Amino acid sequence: MVGPPAGVGMNTIHPTATIGKRVQLGEHNEIGPGCVLEDGAILGSGNRLWMNAYVGPGTTIGDNNQIHMGAIIGHLPQDLAFKGGESFTRLGSGNMIREYVTIHRGTQEGSSTVVGDDNFFLTGAHIAHNCQVGNRVVLVNLATLAGHCVIEDSAFISGMVGLHQFTRVGSFSIISAVSAVNKDVPPYMLCGGRPAVIQGLNVIGLRRAGITPSIREEMKQAYKLLYRSGLNVPHALEAIESSCHSKEVAHLVEFIRASKRGICAGIGEETETIGPRKNYPLSETTQAEGAL
């Protein structure tokens, strides 16, 4: 059905917008020309949908989101396992979703793709079925998350990065452009390459986030134990726990122990990177991690 005239119910709805059955709207939403809200979609208040934005069935959107031209929220998953059952997309509040971003709903009946608050997704970014994206995450142009990826708060994924399905990216980590990530990226790390490797600690990002110097020192120590000490991963985690006591480093340890795919290796001379080839020493740590 065609949407009601502009301004009805404290919302501004363009006459060419299409509003389905049982759609719920809060107040002060702006819905632009050619937008489609499918049956049962739910919008909070203060959202702006630019022209030709699409909101699929089973989609819930919070407040004060900016959804730009051609963005698609809650369409069918790109998954051969999808059998047509009812599934969902949950989008929080305060998100900036730029042109032609695609966020697909869950594959299994009753499952959801979930996105938190205050995220910034640039043009062409893709979030596949059943992904879980936290808060304050940045996806740069054409960054692509395959199905079931988990992205923790304040992660930064640069342009044209591809993540393998079920990959996890830890909080405050940053992945450089044109990287291919097939293992978990631990929190606070600088990562990049094809395949992606850990290239250091995200020192600048941690400083900008207001992480205190004492905690940053613990993170540096944890990084050295994990990637530069020659210890294998279980022994490195034991050493980290005995010497580092902040909740931030405890989260790093918990993240690694919960990994099912394994974590990205450290940089070494036998690993390709996105930059010019350099003579990085192949440490015992890198060899041990490569065997995991």
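The values are calculated or read from the model by the stated rules, or taken from the named source; none is laboratory data. Computed from a prediction, not measured in an experiment: that's the story for all the values here. Quick reminder, even Gly has a Cβ in these numbers, built from the backbone with ideal geometry, and neighbours come from all protein chains shown.
Six or more apart or on different chains, Cβ under 8 Å: which pairs go from a residue in segment 213-230 that's farther than 13 Å from Ala265 by Cα to one that's at pLDDT below 95 and hydroxyl-bearing (Ser, Thr, Tyr)? Could you list them?
Ser229/Thr285
Do we have Val161 as under 13 Å from the mean Cα position of the chain (by Cα) and within 17 Å of Val138 (Cβ to Cβ) here? Reasoning before the result, please.
Numbers: under 13 Å from the mean Cα position of the chain (by Cα): yes; within 17 Å of Val138 (Cβ to Cβ): yes.
For Val161, the condition - under 13 Å from the mean Cα position of the chain (by Cα) and within 17 Å of Val138 (Cβ to Cβ) - is met.
I'd like the full set of residues that are in a helix (DSSP H, G or I), farther than 17 Å from Gly170 by Cα and of a type outside the set (S, T, N, Q), limited to segment 241-250. If you could, list the steps in order and put the result at the bottom.
First, the residues of segment 241-250 that are in a helix (DSSP H, G or I): 241-243, 247-250.
From what's left, farther than 17 Å from Gly170 by Cα: 241-243.
Answer for segment 241-250, where residues must be in a helix (DSSP H, G or I), farther than 17 Å from Gly170 by Cα and of a type outside the set (S, T, N, Q): just Glu241.
Could you please give the count of residues in segment 24-34 that are assigned to a loop (DSSP other than H, G, I, E, B) and in contact with a Ser or Thr (Cβ under 7 Å, 6 or more places away or on another chain)?
Restricting attention to segment 24-34, the residues satisfying the condition of being assigned to a loop (DSSP other than H, G, I, E, B) are 26-29, 32-34.
In the following step, the residues that additionally are in contact with a Ser or Thr (Cβ under 7 Å, 6 or more places away or on another chain) were identified as 26-29, 33-34.
Of the residues in segment 24-34, 6 are assigned to a loop (DSSP other than H, G, I, E, B) and in contact with a Ser or Thr (Cβ under 7 Å, 6 or more places away or on another chain).
How many residues are more than 15 Å from the chain's Cα centre (by Cα) and either surrounded by fewer than 22 Cβ atoms within 10 Å (Cβ to Cβ) or not in a loop (DSSP other than H, G, I, E, B) (or both) when one looks only at segment 99-125?
Here the count works out to 6.
Quick one: which of Gly70, Gly94, Gly110 is out of contact with any Gly (no Cβ under 9 Å at 6 or more places or on another chain), of a type in the set (Gly, Ala, Ser) and at pLDDT 95 or above?
On the way: Gly94 fails: out of contact with any Gly (no Cβ under 9 Å at 6 or more places or on another chain); Gly110 fails: out of contact with any Gly (no Cβ under 9 Å at 6 or more places or on another chain).
Answer to the selection: Gly70.
Tell me, please, whether a residue that is under 16 Å from Asp184 (Cα atoms), more than 20 Å from the chain's Cα centre (by Cα) and part of a helix (DSSP H, G or I) can be found in segment 201-208. Working first, answer last.
Within segment 201-208, the subset under 16 Å from Asp184 (Cα atoms) is 201-202.
Keeping just the survivors that are more than 20 Å from the chain's Cα centre (by Cα) gives none.
Looking for residues that are under 16 Å from Asp184 (Cα atoms), more than 20 Å from the chain's Cα centre (by Cα) and part of a helix (DSSP H, G or I), one finds none in segment 201-208, hence no.
Restricting attention to segment 168-206, which residues are small (Gly, Ala, Ser) and either under 18 Å from Ile240 (Cβ atoms) or touching a residue at least 40 places away in the same chain (Cβ under 8 Å) (or both)? So that I can check it myself, show each step before the final result.
Start the filter on segment 168-206 by keeping residues that are small (Gly, Ala, Ser), which leaves 170-171, 173, 176-177, 179-180, 192-193, 196, 200, 205.
Passing the criteria: Gly170, Ser171, Ser173, Ser176, Ala177, Ser179, Gly192, Gly193, Ala196, Gly200, Gly205.
Could you tell me which of the residues Glu38, Glu30, Glu86 is buried (at least 18 other Cβ atoms within 10 Å of the Cβ) and of a type in the set (Asp, Glu)?
Values: Glu30 fails: buried (at least 18 other Cβ atoms within 10 Å of the Cβ); Glu86 fails: buried (at least 18 other Cβ atoms within 10 Å of the Cβ).
Exactly one residue qualifies, and that residue is Glu38.
Please specify each residue of segment 56-97 satisfying the condition of being hydrophobic (A, V, I, L, M, F, W, C), without any contact (Cβ under 8 Å) to a residue 40 or more places away in the chain and outside any strand (DSSP E or B). Reasoning before the result, please.
Step one: list which residues in segment 56-97 are hydrophobic (A, V, I, L, M, F, W, C), which gives 61, 67, 69, 71-73, 76, 80-82, 88, 91, 96-97.
Then drop every residue that is not without any contact (Cβ under 8 Å) to a residue 40 or more places away in the chain, which leaves 61, 67, 69, 71-73, 76, 80-81, 88, 91, 96-97.
The answer is Met69, Ala71, Leu76, Leu80, Ala81.
I'm checking my understanding of the structure. Among residues of segment 16-27 that are in contact with a Gly (Cβ under 7 Å, 6 or more places away or on another chain) and either surrounded by fewer than 15 Cβ atoms within 10 Å (Cβ to Cβ) or hydroxyl-bearing (Ser, Thr, Tyr) (or both), which one is farthest from Asp63 (Cα to Cα)?
Restricting to residues being in contact with a Gly (Cβ under 7 Å, 6 or more places away or on another chain) and either surrounded by fewer than 15 Cβ atoms within 10 Å (Cβ to Cβ) or hydroxyl-bearing (Ser, Thr, Tyr) (or both), the top hit is Thr16.
Taking segment 2-15, which residues are at pLDDT below 95 and surrounded by fewer than 13 Cβ atoms within 10 Å (Cβ to Cβ)?
Initially, segment 2-15 is screened for residues at pLDDT below 95, giving 2-10.
Once the filter is applied, which keeps residues that are at pLDDT below 95 and surrounded by fewer than 13 Cβ atoms within 10 Å (Cβ to Cβ), segment 2-15 yields Val2, Pro5, Gly7, Val8, Gly9, Met10.
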